[in-house]
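All remarks here apply to the structure that follows.
Rule-based calculations on the coordinates, nothing more; no lab input. Since we're looking at a predicted model, the values are computed, not measured. No Cβ is skipped: glycine too gets one built from the backbone with ideal geometry, and neighbour counts run over all protein chains shown.
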Amino acid sequence: MDSVKFSNMFPGSVFLAGTPEYTATTTSYFAAFETELKPTCVVRPSSAQELGKVIKHVEDSNVKVAIKGGGHTAWAGSANIDGGVLIDLQNFKGVDLDRATGVVSIGAGERWGDVYQTLEKEGLTVAGGRVSKVGVRGISYFSEQVGFVCDTVTSFEVVLGTGEVVKASNQHNEDLFVALKGGNNNFGIITKIEIPTFAQGPMWGGAVYYDASPWSSIVDLIYDFAASPDKSGAVIAARFHSPVMAGCVVNLYSNKVSDVSPTLKNMTSIQPPLLSTIREDSHYGFAQEQANFSQDGARQLFFTTSFKLSKDVMLKSAQLWEDAVKDLKDIAGFVLSLVFQPVTKQTLTESKQRGGNALGLSPEDGPFMVLLLNSVHSLATDDERVV
């Protein structure tokens with residue numbers, strides 16, 4: 001494909017190597033691995049219609065394409081490409097609240113932090129992701145109440161591979177609507193979502209840091225939460241190693257400041273903590289705290305698996321993690337986290353009641369645990385050793 005001709009077809013939207021826009025798009029990723037890919041050009045469409053024309057042209061030209069939304073997936077090639085066209089959705093902005101229905105329309109180029117800040121002015125929020133700087137998708141602090149984030153979406157605006165712009169909802173393109181809820185990214189390019197808001201004031205929560213000694217007690221409490229969930233609460237627990245600190249951290253959240261469950265409160269006082277940020281704060285404030293746990297542009301990867309709720313598996317996983325830390329801790333800038341996130345029957349029941357999704361999960365599959373392994377290191381020469 002002739003990049004100059006392509007640029008002339010979409011004036012002001014196509015950027016070649018060496019331009020500030022190209023550099024800004026190709027260097028702003030969660031993981032350094034993505035920044036090492038070099039697309040032929042970057043396209044920043046400003047409307048679904050323009051994006052449709054871009055897709056039609058690259059399809060007719062048999063050119064490979066990558067799509068960048070939030071750029072938060074770590075592996076190279078997930079949202080960038082070598083030698084093809086990179087479509088950057090950053091111009092798809094907008095957080096537009098319909099006060100009559102309480103439904104908010106969110107552009108696919110938004111970040112959850114901006115969405116939360118906008119809605120907080122109205123005393124509202126949505127069941128969005130837990131990290132402020134990621135794109136509009138994810139698991140929520142409110143999953144016990146509403147299921148997964150995708151379950152709460154009432155409609156998608158989508159650009160298909162043909163370039164056609166369509167709406168997917170319970171009334172339009174119903175099969176596509178279900179497929180887009182947890183079905184990954186091969187059905188089209190989402191440019192806008194509509195999602196219901198709800199009233200939310202201050203929340204209770206934060207992070208409690210311990211040394212490694214109370215891990216078995218933390219496992220007991222996480223197990224209890226997953227087996228008998230608190231509908232207003234959420235919890236994430238992790239073992240972590242870094243060059244400056246190592247131990248356990250428990251992230252706790254409740255949307256009821258005056259009625260925090262005993263299970264959550266017990267996790268704050270297993271023993272005197274090394275550090276605690278437990279407080280009352282806004283939804284945005286807690287999402288911003290989560291964002292501060294990681295640095296964009298680092299050589300970082302994450303991997304996930306899941307298993308039926310089991311204390312033995314949690315404890316054994318931590319033992320294997322400790323062995324890995326011993327083998328790798330001499331690596332420059334090495335950080336390794338083992339994160340446990342419970343998915344309860346309550347979450348799966350709420351998901352089903354909202355029409356279900358493409359994840360293939362039912363209430364009978366719960367409770368289960370999502371395990372995430374997150375590594376960070378400084379030097380490319382250590383890539384093979386870490387991976």
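Considering V115, V104, V131, the condition of being touching a Ser or Thr at 6+ places or on another chain (Cβ under 9 Å), buried (at least 19 other Cβ atoms within 10 Å of the Cβ) and without any contact (Cβ under 8 Å) to a residue 24 or more places away in the chain is satisfied by V115 alone.
Report whether or not K265 is of a type outside the set (V, I, T), within 30 Å of R385 (Cβ to Cβ) and in a helix (DSSP H, G or I). No: the conditions fail for K265.
The residues in the range 361-381 that are in contact (Cβ under 8 Å) with a residue 60 or more places away in the chain and part of a helix (DSSP H, G or I) can be counted, and the count is 1.
On inspection, A237 passes the criterion of being in a strand (DSSP E or B) and at negative phi. Within the range 186-230, the set of residues being in contact with a strand residue (DSSP E or B) (Cβ under 7 Å, 6 or more places away or on another chain), polar (S, T, N, Q) and not in a strand (DSSP E or B) comprises T197, Q200.
For S7, the requirement of being more than 30 Å from G128 (Cα to Cα) and not charged (D, E, K, R) is met. Summed over the range 59-89, residues that are buried (at least 22 other Cβ atoms within 10 Å of the Cβ), of a type in the set (D, E, K, R) and either outside any strand (DSSP E or B) or in contact with a Gly (Cβ under 6 Å, 6 or more places away or on another chain) (or both) total 0.
Each row is one residue, and each column tells you yes or no for (1) under 22 Å from K265 (Cα atoms); (2) of a type outside the set (S, T, Y).
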position	(1), (2)
S132	no, no
S140	yes, no
E144	yes, yes
V159	no, yes
V165	no, yes
L180	no, yes
G183	no, yes
